[in-house]
1. Report the local net charge at Val41: Lys and Arg +1, Asp and Glu -1, summed over other residues whose C-beta lies under 12 Å from its C-beta.
2. Pulled fully out, how much extra length does the chain show between Gln65 and Asn270, if you take 0.36 nm times their separation in residues and subtract their Cα-Cα distance?
3. Can you compute the charge dipole magnitude of the chain about its Cα centre, using +1 on each Lys and Arg Cβ and -1 on each Asp and Glu Cβ, nothing else charged? Give it in debye, rounded to the nearest 20.
4. Tell me which aspartates and glutamates have Cα within less than 12 Å of Lys89's Cα, excluding those fewer than 8 residues away on the same chain?
5. When the Cα centres of the stretch 171-216 and the stretch 1-42 are compared, how far apart do they sit, in Å?
6. When a footprinting reagent is the concern and you count Cβ atoms within 10 Å, what order do Glu68, Glu169 take, fewest first?
7. Rounding to the nearest 20 debye, state how big the charge dipole of the stretch 3-75 is about its Cα centre with +1 on each Lys and Arg Cβ and -1 on each Asp and Glu Cβ.
8. Can you give the FRET efficiency to the nearest 0.05 for Thr78 and Thr316, using r as the Cβ-Cβ distance and R₀ = 56 Å?
Amino acid sequence: AVLGERLTDFDSAGAQAYALAGEAGALALLHRRGVPLRADVVQALGRVRHNAMLKLVEQRIVRHQGAERLISVIERPTGPCLADLAAAKGLPDRVIRQDVLPPLLTTLRALHDAGIVHRGVNPRRLYFDGDDLTKVRLGECFSAPAGIDQPVVYEPVERALAQPAGRGEGTPADDYYALGVTLLALITGNDLSHGRTPEQMAAAKLAHGSFWALSGGADQVGGLGVLLRGLLNDDARERWGGEQLADWMTGAARTVNAPDQPWALPRGVNFAGTSYGDRRALAQAMAQDPAEAAVYIRRQDLAQWINHHLPQAPSTAEFCRLILTGQGSRRGEIPSTGADHLVARFCTLLDPTGPLRFRSLSVMPDGLGPALAMAQKDDAARADMTELVTSPLLAALGDIMALMPGGGRR
């Protein structure tokens with residue numbers, strides 16, 4: 001295979017895209033060294049039928065710049081990217097309902113049935129195929145760790161708080177959330193970040209909820225408004241999935257349940273001069289200032305603090321010992337009272353469905369593998385990751401998640 005011109009619109013964090021000489025209907029993804037691809041997804045794609053995703057044709061070894069490199073050959077769409085078409089004015093409702101939603105729903109359901117979560121649904125990964133602008137295709141999802149180059153705008157709150165390489169494989173609910181954000185972007189034609197940095201975007205979702213943070217305060221009325229509220233529900237248990245979306249498309253009545261906000265603190269917590277009413281926001285603040293957080297935690301009567309601020313959490317002496325020392329009843333590990341370990345355990349108490357927060361790391365449990373691989377490029381990150389996975393801390397964090405209500409949902 002002879003690599004031709006660069007096709008940067010199809011690049012990912014794990015591959016550079018090139019045209020293929022003599023193969024107009026295909027393109028090559030030249031995989032970047034040091035970035036793991038989703039090998040299990042590549043294998044599973046062979047079981048997926050009747051979907052609108054750009055097909056993986058084959059993988060080959062080629063010589064490039066004097067070295068042997070892996071390329072993946074995928075189909076190349078002939079039409080424009082939907083993000084470019086929707087810019088400024090948005091797409092008509094008719095196009096959304098007839099041309100965009102049906103193939104995306106079919107594709108996501110086929111992927112999920114095969115055990116694949118796409119983790120990259122966004123307008124830049126959607127293309128029209130053909131000149132009539134009616135056939136929508138979805139970009140590939142295997143060339144880089146899941147979610148690593150997904151803009152924070154399209155990530156549910158808990159994964160938006162994680163570092164890109166550690167956002168995790170995710171669940172179908174994450175794909176439907178990304179679909180909801182994608183639809184809002186295509187309908188409005190707006191840049192949904194509204195000029196905010198990724199950190200500011202995640203903070204806005206925490207403060208206002210995804211629907212209002214993304215819509216910029218502009219309501220969406222009618223049937224599409226109901227759909228967007230269902231898909232953008234911040235409570236993954238109440239978020240619409242394939243079944244509800246299929247019902248909506250056939251006109252069946254569906255209600256949108258408001259999230260029960262299990263992350264709200266019944267009493268505000270003052271930390272480092274700021275009052276926090278959201279457990280996840282408090283965990284973020286403590287992870288960013290572990291020295292002050294350790295002082296705060298050690299000043300508390302932990303059982304009393306839990307009863308006041310986290311009444312749904314256990315407050316037994318055994319559970320408090322697990323938070324304070326890392327010691328659980330099932331193991332005889334050495335107590336771990338260091339400030340960084342203590343703060344990591346307390347942050348998991350606050351946010352048991354969010355990322356594991358330890359020193360420079362913020363990693364979803366199902367993102368540990370890719371984060372470990374990517375950490376090899378950075379000495380500090382590699383040291384922090386090595387300590388996390390080889391010390392008793394990781395087991396203690398797992399115990400805390402298992403004991404917290406809802407903590408097993410990942």
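Nothing in this text is a laboratory measurement; each read-out follows from the coordinates by a stated rule. If you're wondering where the values come from, they're calculated on a predicted model, not measured in any experiment. Cβ sites come from the backbone with ideal geometry, for glycine too, and all protein chains shown count toward neighbours.
1. Working: positive: Arg38, Arg47, Arg119; negative: Asp40, Glu140, Glu169.
Here the charged neighbours net out to 0.
2. Gain on extension, Gln65 to Asn270, equals 68.1 nm.
3. 360
4. Qualifying aspartates and glutamates at Cα under 12 Å: Asp191.
5. The stretch 171-216 and the stretch 1-42 have Cα centres separated by 28 Å.
6. Glu68, Glu169
7. 240
8. Working from the Cβ atoms, E equals 0.35.
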